[in-house]
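To start, the structure under review is shown below, and the notes come after it.
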Amino acid sequence: PPPPTPPHVVMLASPGAGHLIPLAQLARRLVAEHGFAVMVVTLAGLSDPATDAAVLSSLPASVATAVLPAVALDDLPADIGFGSVMFELVRRSIPHLRALVAGSVVGSAAAIVCDFFGTPALALAAELGVPGYVFLPTSISFISTVRRVVELHDGAAPGEYHDLPDPLALPGCAPLRHGDIPDGFRDCADPVYAYVVEEGRRYGGADGFLVNSFQELEPDAAEAFKRDAQNGEFPPVYLVGPFVRPSSDKDADESACMKWLDRQPAGSVVYVSFGTGGALSVEQMVELAAGLEMSGHSFLWVVRMPSTDGLPYSMGASHGNPMDFLPEGFLERTSDRGLAVASWAPQVRVLAHPATAAFVSHCGWNSSLESVSSGVPMVAWPLYAEQQMNAAILTEVAGVAVRPAAAASGGGDGVVVPREEVAAAVKELMGGEKGGAVHRRARELKEAVARAWSPDGASRRALEEVASKWRNTVHKQR
Ligand code: UDP
């Protein structure tokens, strides 16, 4: 007889490398360690296709990929905001997902996994009679924020919205000041707010949540969710992270940054990067450059094109040479101890390199986990999305970061972190008393990550628990 088809997991990734990268890692583990066939489904239109392709091409051939056909979005109001467009894109793509699933894996489907923005897929999963899970590529505390939004609105009159309290108290998380609440949750008049409320209302319909975090990073928040699952108040939440892309890219070793790092003394370099979407204003780039220069420390800076529209991010492919925006003579003056590279560095390798001592970071969750996994402490410099909240977790819960006061506001409102603050934060992290404590915490958490993935580690066991539930589903279908 032909070998039985392996059970299929269909994973829907919302646009953006920061969403796709950890989802791809989850796919890799499900195939390699749990015997599933996985199909990663992406959406056309809002992410850079070349970046998506680069992420997907690193996956084993046994992970199938599909891109859903484009959907029209031109009827949306121009000022609706990027988050709302994301929600609409995914919602409108569900019929295409239904057709894809019906045409390929029905009968052997073990689960449908969507991420934040993708929860309309939970209704599709229910319709097809397969488990529907949500993969959160961010902190467990983020789920608490969404829950609070829904709590605030259930009971209110339909269509009536309220701002979250300030500060926002969340179980096991530092109280969030208004500015640290994720974008889209901060102001109930923002068009995206209604989408967040809807998103949160769908959470109760999930069979479970997979979160790219680990017990020892957010221990009290994890406990709170465990209690809620036991009491039947919320679906089970499995901490299955951190997913960090293995550094298998051979070309990376040949890159200018790795060769440069090889020549630097151990623990001497400050790595500076704002992720795949973060963008500084031209003025902020100048202050950052001056601050790095003032700090006297060595640095490796991934320079991206500045933002010209006042927003702290830019999406899609960018054109132009970001180096043109550095201050006059900066590269020459710092050539003996600094390297600036345009747009991209092999970050996981950079963070794992012995020369790298600290990370000035936008606190994207993937970057944060990569830093923690390498034991590298951070200067938290959040820009947008849920990065301010991540910064609060890293600084106040995990204790692996210092945060310049001016970096608290996120940069979207024209606040510039002055050079003195940049230099002071770097110096503190590289030699100050607080910096020492943060370094020690980073080393402890690096060990905790290793434990989480050890044969009997918590993240490994959590994923196995989910996998065995999924296998049973297929068993019952057959
Ligand atoms: N990344 C990288 N090189 C760069 C910039 C980013 O390899 O120069 C990777 C980084 O390692 C991480 C991801 O891109 O895995 C960025 O995800 P994150 O959640 O940190 O931030 P986002 O880009 O979504 O803001």
- Task: Count, please, the residues in region 206-253 that happen to be out of contact with any strand residue (DSSP E or B) (no Cβ under 7 Å at 6 or more places or on another chain) and either in a helix (DSSP H, G or I) or closer than 30 Å to R349 by Cβ (or both).
- Result: 24
- Checking M39 against (1) modelled with pLDDT of 95 or more; (2) in a loop (DSSP other than H, G, I, E, B), which single condition isn't satisfied? (2)
- Item | Unique residue being in contact (Cβ under 8 Å) with a residue 40 or more places away in the chain and more than 30 Å from A392 (Cα to Cα) when the list is A123, A99 | A123
- Note on the structure: (1) more than 16 Å from the ligand (Cβ to nearest atom); (2) of a type outside the set (D, E, K, R); (3) at negative phi all hold for G35 apart from (3)
- Query: If the Cβ limit is 8 Å and pairs must be 6+ apart or interchain, which residue in region 20-31 that is within 15 Å of A462 (Cβ to Cβ) and in a helix (DSSP H, G or I) pairs with which residue that is within 15 Å of the ligand (Cβ to nearest atom) and of a type in the set (S, T, Y)?
  - Reply: none
- Item | Matching residues, region 83-107, being of a type in the set (G, A, S) and either part of a helix (DSSP H, G or I) or buried (at least 16 other Cβ atoms within 10 Å of the Cβ) (or both) | G83, S84, S93, A99, A102, G103, S104
- Query: Would it be correct to say that L12 is within 16 Å of the ligand (Cβ to nearest atom), of a type in the set (A, V, I, L, M) and closer than 29 Å to G278 by Cα?
  - Reply: no
- Residue satisfying all of: in region 135-179; over 17 Å from E386 (Cα atoms), aliphatic (A, V, I, L, M) and not in a loop (DSSP other than H, G, I, E, B); nearest to the ligand (Cβ to nearest atom) among these: V150
- Note on the structure: Restricting attention to region 310-369, the residues that are surrounded by fewer than 20 Cβ atoms within 10 Å (Cβ to Cβ), in contact (Cβ under 8 Å) with a residue 60 or more places away in the chain and more than 21 Å from Q264 (Cβ to Cβ) number exactly 5
- Please verify whether region 32-52 includes one or more residues that are within 15 Å of the chain's Cα centre (by Cα) and under 25 Å from R461 (Cβ atoms). no
- Message: Quick check on my filter: what residues within region 262-293 are over 25 Å from S374 (Cα atoms), within 16 Å of the ligand (Cβ to nearest atom) and either among the acidic types (D, E) or not in a loop (DSSP other than H, G, I, E, B) (or both)?
- Response: M285
- Task: Report yes if V422 is part of a helix (DSSP H, G or I) and either in contact (Cβ under 8 Å) with a residue 24 or more places away in the chain or among the hydrophobic types (A, V, I, L, M, F, W, C) (or both), otherwise no.
- Result: yes
- Query: What are the residue pairs meeting all of these: first residue in region 57-71, first residue part of a loop (DSSP other than H, G, I, E, B), second residue of a type in the set (A, V, I, L, M, F, W, C), Cβ atoms under 6 Å, and 6 or more apart or on different chains?
  - Reply: L59/A24; S62/V31; A70/A44
- Message: Conditions first: (1) assigned to a loop (DSSP other than H, G, I, E, B); (2) more than 10 Å from the ligand (Cβ to nearest atom); (3) hydrophobic (A, V, I, L, M, F, W, C). L300 passes all but one, so which condition is the exception?
- Response: (1)
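The values are calculated or read from the model by the stated rules, or taken from the named source; none is laboratory data. Worth saying up front: this structure is predicted, and the values here are computed from it rather than measured. Neighbour counts are summed over all protein chains in view; Cβ atoms, including those assigned to glycine, are modelled from backbone coordinates with ideal geometry.
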